[in-house]
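One structure is given here, and the rest of the page talks about it.
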Amino acid sequence: MAGNIALPLQEFIASLDNTSLPKILQVCSGVYFQGSIYEISGSEVCFSTGDLIKVIGIELQSVSCEDVTNNEKFELPFFLGLFKVVPEQMPYTSVEEMLSLRPVGLDDSLPFTFVSHSKVTFGSLTLGAGKALTVLSIEKREGEEDMVRCHVKGQTEASAEVCIPLSSRGEFSECESEESYTLKEIMASPCLRSRRFRFVKTTKCERILVLSPVYQVQAIMNMRKNVLRFPSSLEVDVVDVTDVCKDANFVTPLNLTEVLSQPDKSFPVVAEILEEPESRSFFKCAWLPRLVKSTNLILHKKGTTPMVLLSSLKGRKTQQYFLVSQQYGGRFRRRPREFNSVYEVYVASTQTHSLTVSVTRNCEEVEEEGLPGLSVGERLQIVDCTRMELPSENNKGEKQSVEALLCHRLQEPDDEEDDEEDEDEEKDKQEEAKEEVLLPLYMQGHFVEVLGENKKYKLCDLGKEFSLPLDVKVVSRDTDLETDPLVGFPCLRIEGAMLEPSIQASFTDKPDHCFHLLPQWLSLSVSFTKDALPWPRDQFPKCFTEKVSEMTDTFFYEFRKKGNSDEAPPPRPPKRDMSSSNLVTKKSKSTKKSSKPKKNKDKSVLTEKLNDLTLNHKKRPPAPLDHDYETVDETLVAVVKTAQENVMFY
């Protein structure tokens, strides 16, 4: 440290900017002699005399103010007000000295005013003591002394311009300038930071303040493996030893994104984990618990890996999610998709040409809402999306038009047809077999896709030939996997495909068993070491890379957020006039006889009485009863109680 000047850490950091980094400092002394320990945001920072600190980043955090009259210290936010420079009390001995110590560049601070405390003579011009001069410009003259062009006012308000030599001597003091500065402007200028200030247009305008920046310092230390963050206001003296300690060995922490930016020639490399993952909420992998501090990894290579996200269908078991490389060697067959509304069928029809579905649950016809009757087993071929007019009118007496799906109702051919039917009759039957049906998009129903092929596909081919999401089933396992976790599921849904930046890694005890580290989903800090790779030089082992990784539902939800589209929500049914005078009786094509006529009679009486119940002059459509009640009175009590509980619904 001989020959170097020790400075307080605050002063030294204030003299830096990010372009001059990194800098290597050595701790030489401080208030806490032979060791300084600071507890900062829950992490201990310990500096001992002789420690080397490599500053790799600084960020302005706040401004520390000290009132020169009472030494009171406080901090100010950046957005607070404007400040004026307080003129220095000590006079300057020459015009040149005064100009060289302007708080900002001379060109930016012109014009400014100063006074002479004694009578001065410039050539034939004599100015008395206290006369104010305003500097307008500096005139450089080749081969002659530079001159300062000034403006001066006489006693009778007459004014004149004079040129005085830059070397003129005397006692000069600057006058207070009208120029004001923000805290950010002051902190950005070393000259301004050396001056004193006062508030502008506040009740505290008389307070004279010394402003000092407080930085958050990011640094690494010799023999310390994590990035330190501490304020520059620590009471420690340091010396700049950058030139003499160039070759000091400092560990460089890298997050996974920074690992991706390393050149290809850096791989493969042995890396040590410095900071283990902050969150383990995305992965359910066997290798995840082993990512702990001080563990060594082999980073084989970096790249971009095409992957797909699969999910099991909801059922009795917990839903599972898998992130699968498109190098997966198993084979899939398509599974028919299930739909719970006409709108879902419509969305699928935009992705699949000539989509055909089969009805899996009976639907009763509701004429006034335009809902057709459907029976289990009927097959519908989707033709187009169009509009249909509802039979019922709204409360203004107008016909309503809604979006609907135009379908052909396909009928099974009759096995007992007469082989001698003529061609005209055959064509008529074919036309009848394609009866047109309009399904409003808001209609609820249960359908299943009708598939016309039983082909096996590779995972990489499914995304090319079909739109996602897509339901599939594994019909032949990946033989490269010891256990294939995708086998055994009756149905898997391909939720989406992605290109993930990834790092192929393995543990040193199993260097040939690799897995993918995904920087977008995993927070990990490592440092490259100089340890030898666990195989002979230039004899790289044949690596097996994990192709299927189980993920959590949190990962699935985050994935859906990232791929969230601006698709419109499903359409709502049209509003209807629910007054008793306009209620339309529901009609059904097929009516089944009940084995309990007494209860049917009671329910019909119940429906008539419900027509007289109102809530704020609006009626709610009768909902299906949860229980069969023996009498109308028992039923009415239950329904009225439910209606009272739901008054706030209206």
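The values are calculated or read from the model by the stated rules, or taken from the named source; none is laboratory data. None of the values given here were measured: they were computed from a predicted structure. As a convention, Cβ positions derive from the backbone with ideal geometry for all residues, glycine included, and neighbour counts pool all protein chains shown. Surface areas here come from the heavy atoms of the whole protein model, side chains and all, with no ligands, DNA or RNA. Shrake-Rupley method; radii C 1.70, N 1.55, O 1.52, S 1.80 Å.
By how many nm would the segment from Gln539 to Glu482 lengthen if fully extended, with 0.36 nm per residue of separation less the alpha-carbon distance? The partial results should precede the final answer.
On the way: separation 57, 0.36 × 57 = 20.52 nm, distance 2.53 nm.
Extra length available between Gln539 and Glu482 comes to 18.0 nm.
Taking the Cα-to-Cβ direction at Ala160 and at Glu368 and moving 7 Å from each Cα, how far apart do the two end points lie in nm?
10.4 nm
Rounded to the nearest whole Å², what accessible area per residue is found for the stretch 82-211 with the 1.4 Å probe? Before the final figure, lay out each step's value.
On the way: 7430 Å² over 130 residues.
Solvent-accessible surface per residue comes out at 57 Å².
Leaving out ligands, DNA and RNA, and with a 1.4 Å probe, what % of the accessible surface on the stretch 82-211 is carbon or sulfur?
Working: 3750 of 7430 Å².
For the stretch 82-211, the apolar C and S fraction of the accessible surface comes to 50 percent.
DSSP loop GluC sites (Glu not before Pro) in the stretch 425-528 with at most 12 other Cβ atoms within 10 Å of their Cβ, which ones? Working shown, then result.
Numbers: sites: Glu425, Glu426, Glu431, Glu432, Glu435, Glu436, Glu449, Glu453, Glu465, Glu482, Glu495; in loops: Glu453, Glu482.
Answer by residue number: Glu453, Glu482.
What order do you get for 93-99, 64-70 when each peptide is scored by the mean count of other beta carbon atoms within 10 Å, highest first?
Values: 93-99: 17.4, 64-70: 13.9.
Output ranking for 93-99, 64-70: 93-99, 64-70.
Restricting attention to the stretch 266-337, which GluC sites (Glu not before Pro) occupy a DSSP loop and are surrounded by at most 15 other Cβ atoms within 10 Å? Walk me through the intermediate numbers first.
Values: sites: Glu272, Glu275, Glu278; in loops: Glu278.
Here the GluC sites (Glu not before Pro) that fit, given the DSSP loop and packing criteria, are Glu278.
What is the extension gain from Gln327 to Ser124, computed as 0.36 nm multiplied by their sequence separation minus the C-alpha to C-alpha distance, in nm to one decimal? List each step's numbers first, then the result.
On the way: separation 203, 0.36 × 203 = 73.08 nm, distance 9.40 nm.
Fully extending the segment from Gln327 to Ser124 adds 63.7 nm.
Quantify, in whole percent, the carbon and sulfur part of the accessible surface of the stretch 270-339 (1.4 Å probe; protein heavy atoms only). Spell out each step's value before the answer.
Numbers: 1550 of 3530 Å².
Within the stretch 270-339, the accessible surface is 44 percent carbon and sulfur.
Would you work out the relative contact order for the stretch 82-211, in percent, from Cα pairs under 8 angstrom that are 6 or more residues apart? Write out the running numbers ahead of the final one.
On the way: 243 pairs, mean separation 45.5, N = 130.
It comes to 35 percent, rounded to a whole number.
Kindly provide the GluC sites (Glu not before Pro) of the stretch 163-193 that DSSP labels as loop, not H, G, I, E or B, and whose Cβ sees at most 16 other Cβ atoms within 10 Å. If you can, show how the numbers build up before the last one.
Details: sites: Glu171, Glu174, Glu176, Glu178, Glu179, Glu185; in loops: Glu176, Glu178, Glu179.
Answer in residue order: Glu176, Glu178, Glu179.
Write down the Å³ per residue value for the convex hull defined by the alpha carbon atoms of the stretch 264-361. Provide the component values of the computation, followed by the final result.
On the way: hull volume 19.7 nm³, N = 98.
Spelled out: Cα convex hull of the stretch 264-361, divided by residues, is 201 Å³.
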